[in-house]
Amino acid sequence: MFPYYTLKNLFFVEIIGRHFYLPNSFYIPLALINAILIYNLAKKILDRKLANITLLIIVISPWFYYLSVAHSFYLFLLFPVLLITLGLVNIIKKEGNFGNLFIILGSLIAIYSSVLFLPLLTLIFMAIIFLKIVSFSNLKKPIIIILLFCLPLLFFANKNKVGFINSFKQESKIFLDPGLINSVNKYQGAAEANGLKIFSRISENKYLFYTEEILNKYLSQLVPETYFTPKYKLLNFSFSPPIFIGFLIPFFYGLYLSLKKPIIAKVLLVSTILTIPSVLAKDMVSLNRLVLFSPVLFLIISYGLIEIYKNRKKIVFRNLLILTSILVIFQLLVTISDIKLRENSRFESYFGINYEIAEP
Amino acid sequence: MKKDKLRLIIVVVLITIIGGFLRLYKITKNPPSLTGDEISFGYSAYSVLKTGRDEYGKFLPLVFESVGDYKNPLPAYLMIPSIKLFGLNEFAVRFPNALMGIISIVIFFLFLQDIFKSKKIALIGSLMLSISAWHIFYSRFAYETLTASLFVLLGIWGFIKMLKGNTYWAIFSAFFFTLTMYTAFAPRLFIPAFILGALAVSFPKTKKDWKKIIIFLTTCVVLGLPIAYVTFFGGANTRLQMVFLGNDIEFSRHVILKYFNSISDLPLLFFFWIKRYISYLNPSFLFFNSLDATLPSPIGLGILYIYEIPFFIAGVIAFIKNKIPYKSIFIVWILTGILPDSLTNNQQHTGRLLHLFPVIMMISTLGAVELYNQFKKIKLKWVKFLTAFVFGIAVIIVLIHAFLIISVNFPRDKGESFDEGWRESVQYVINNQDKYTEIVFDPVRGIDGPNMVSNPFLYVLFYTKYDPLTYQTETKIFGENTSEYYYKFGKYTFRHIYWPKDKDNKGVLFVGSPWSLQKENLKDGELIKEIELTNGFSAFYIVTPK
């Protein structure tokens, strides 16, 4: 815990330098709780003794810190997602009595917090049942209870239609970008001027362009560049990556090992549904929304790192472990130094020098 | 057997004809104009053809000074036979590169057949290359990296054959590797890195046959010494400094918040470089909008077509899972291939990655074959039909879109960056120059603002077929200070036009953009001709004071 708080202070204080007040007392423990939940998942799925590796990876990755400082709503949404996951793992492993309770609680918190989660969770449960990860009979009870508790939501939605539509529009901004429609008009206009109107209507219409855009965005959520480099800047200004590049080695190894097992491959496929909120964002990638997908990454990295550590007597794995360690430590030191020296200037450069954060 | 072989040859010839048509059809019209680089190569080749010297009087130069950017020698030398045959014109300048693109299809077929011993893989791979928008785009104008990519393919193929075959392949491989370095800049870093990596991974095979390696390395050093000298000690060194990653605008403005001039910035530069390196796996770059054929847009063309996404993913999986001959060499090829472009101070550029086309196309081909094998296993006929139908429609739609991008949108969007307008202007000048005592060209142009500076003197030299010996020996006048753009030879002057003063110069013909020659300041009859771009905007006005 000590390293966590020390690092937390380094990142937190240097970035904003604000006083500690109520939302921080909620978001920082929330990030901690999420970390502990991921740690528990690692203990159940990976290795009980080496699950501390997962906690270490989370603690030294800048992602959670930046989002907790910014009071990210999706950091809060991660909590019910983790509860649901924990519940599903308990059901699959037939461990503990709280599987159904976690699923119900997590689902209700998520659905009552975000309009998007109603279709999202529907998709997730359907995928889990269709791919036979969990049988329908095991999920029948919690699904029925969730549906019953969602009935008041239908009543509220009916009474506040405009509010709910606005809420949905806030969470789904993918179709707000005028660039795509401008492209369609430009391409069709050019083709028409050259007597090729019909070809352009077939291959350059807005439906196809939107499909391509969604496909492009979906694929962008799944590439290493998004998570291991500052390509899509955290909070729109930082040079700190969400996860350090050194963890790319155990990530690839963990992914390779995971894809060899059909059941884990199916789980990974279902987990990509958690990238949908980011796909629906206006930007190509929203690291704020993608935090919902972060546990998948942390667990894959942990899996890879644990297996590398277990095989450390073999020279290849020993070298990989040393290389990972060197890269991670080096980048950690460089990032800490960079935050102290330049992050504030980048923040001012993006938000403006007179930007003030309201005090209560 | 003979019938099978004949059938195979016919199919390969047909594929090559398709590829040839797509690369040569209307090659002088699309791209709409020769770029400054093409013109420069063309005139330098013409000058060497006529006098044995470049336009600056250097005898058979190893590097062409051009406009101070020190161009590689081979593209110009390759143009000499073409110019001799077809004359000094656009076709002669572009034909050699297009021919290299067409030959690449055949070589790629032979390469795949040799490596995988499979006609299916070879045919599918060569077909995919022949219709590849990426390859077609860079085959249609004189882009040296495309020629270099063929030499890279031959060099690496020779290297692989050297590992299992006789010593002649060592010389073959070394020859084409060093030829690559005389052709384009990117391979000068890629080739040494690849050779080091490939030798390291193939050490278990080569340690018994060290004589071959000695011959290989000796040939590389002997043939490569001249170009290594000019790279590090000649003018070519200037270009290296200009394009280094540390000068990247994003790095200076966003990361270190100052100019890169200190060792303490190296750690951040290292992570910035890693970010740039990994960005080559970006889906936008691979499939959606990286080809520089249109103005920035969410949807365009990438290195591979969108319908190749499943091919690429399946290809990567097949490449990892299956036993691929010389897999480690291909991995070294990919990892070192990205290196040169990742170290430059521009965003990813599809043109600078052309030396990777064989391995990228190979992976896509492996995936296509793998998916086709899975497709054959589908038992339900209606599922099989539906899959084929949907995929077929997707392919047709994507290819139509690619056709429209390259034939319609590219000339409209990129005409200006291809210096469109100078040809028409110079041709008007050629037909009318006897009426004037002086012809003045203003190099500044641009649609959105006077933000492009071109080199009209190159277009004058090229289209007037200016005698190279005269140009080498005649007196040229330059501006008195380096900040002033002023250059004069013969009747032609290249400077900024300042109309309040220039309007009194009767008997002089002025060629400038609307920024230098504003219509509202011209009297009736002074505007003789307006040169337009393909997109309808005015490129130049041709004006004479009355």
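Read-outs throughout are calculated quantities, based only on the coordinates presented, and are distinct from any laboratory measurement. Note that the structure is predicted; figures quoted are calculated from it, not measured. Cβ sites come from the backbone with ideal geometry, for glycine too, and all protein chains shown count toward neighbours.
The figures follow:
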| item | result |
| --- | --- |
| Every residue from the stretch A:240-257 that is within 9 Å of chain B (Cβ to nearest Cβ) and either surrounded by fewer than 23 Cβ atoms within 10 Å (Cβ to Cβ) or β-branched (V, I, T) (or both) | A:I245, A:L248, A:Y256 |
| Checklist (1) under 13 Å from B:F271 (Cβ atoms); (2) not in a helix (DSSP H, G or I) applied to A:L327, failing item | (2) |
| Test: residue in the stretch B:407-427 that is of a type in the set (K, R), in contact with a helix residue (DSSP H, G or I) (Cβ under 8 Å, 6 or more places away or on another chain) and closer than 18 Å to B:E90 by Cα | yes |
| Number of positions in the stretch B:488-516 that are touching a residue at least 60 places away in the same chain (Cβ under 8 Å) and either among the charged types (D, E, K, R) or in a loop (DSSP other than H, G, I, E, B) (or both) | 6 |
| Residue tally, condition touching a helix residue (DSSP H, G or I) at 6+ places or on another chain (Cβ under 9 Å) and assigned to a loop (DSSP other than H, G, I, E, B), over the stretch B:317-333 | 4 |
| A:Q221, sole failed condition from (1) within 9 Å of chain B (Cβ to nearest Cβ); (2) within 24 Å of A:N288 (Cα to Cα) | (1) |
| Members of the stretch B:6-35 found to be buried (at least 20 other Cβ atoms within 10 Å of the Cβ) and small (G, A, S), listed by number | B:G19, B:S33 |
| Matching helices (runs of 4 or more DSSP H) fully within the stretch B:193-309 where at least 3 residues are within 13 Å of chain A (Cβ to nearest Cβ) | B:266-278 |
| Matching residues, the stretch A:310-324, being loosely packed, with under 14 Cβ neighbours inside 10 Å and in a helix (DSSP H, G or I) | A:K310, A:I315, A:V316, A:N319, A:I322, A:L323 |
| In the stretch B:392-442, the residues that are under 14 Å from B:S33 (Cα atoms), among the basic types (K, R) and more than 14 Å from chain A (Cβ to nearest Cβ) | B:R423 |
| Positions within the stretch A:182-200 being more than 10 Å from chain B (Cβ to nearest Cβ) and either in contact (Cβ under 8 Å) with a residue 12 or more places away in the chain or charged (D, E, K, R) (or both), in sequence order | A:K197 |
| Residues of the stretch A:201-218 satisfying the condition of being at the interface with another protein chain (Cβ under 7 Å from one of its Cβ atoms) and among the polar types (S, T, N, Q) | A:S203, A:N216 |
| Count of the stretch A:255-275 residues which are under 18 Å from the mean Cα position of the chain (by Cα) and within 12 Å of A:L299 (Cβ to Cβ) | 4 |
| Count - residues of the stretch B:171-195 that are under 18 Å from B:L343 (Cα atoms), surrounded by fewer than 24 Cβ atoms within 10 Å (Cβ to Cβ) and touching a residue at least 40 places away in the same chain (Cβ under 8 Å) | 4 |
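Conditions tested, residue by residue: (1) touching a residue at least 40 places away in the same chain (Cβ under 8 Å); (2) more than 30 Å from A:E212 (Cα to Cα); (3) among the acidic types (D, E).
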| residue | (1), (2), (3) |
| --- | --- |
| A:L268 | no, no, no |
| A:S271 | no, no, no |
| A:S278 | yes, no, no |
| A:A281 | yes, no, no |
| A:V285 | yes, no, no |
| A:L292 | yes, no, no |
| A:I300 | yes, no, no |
| A:D338 | yes, yes, yes |
| A:R346 | yes, yes, no |
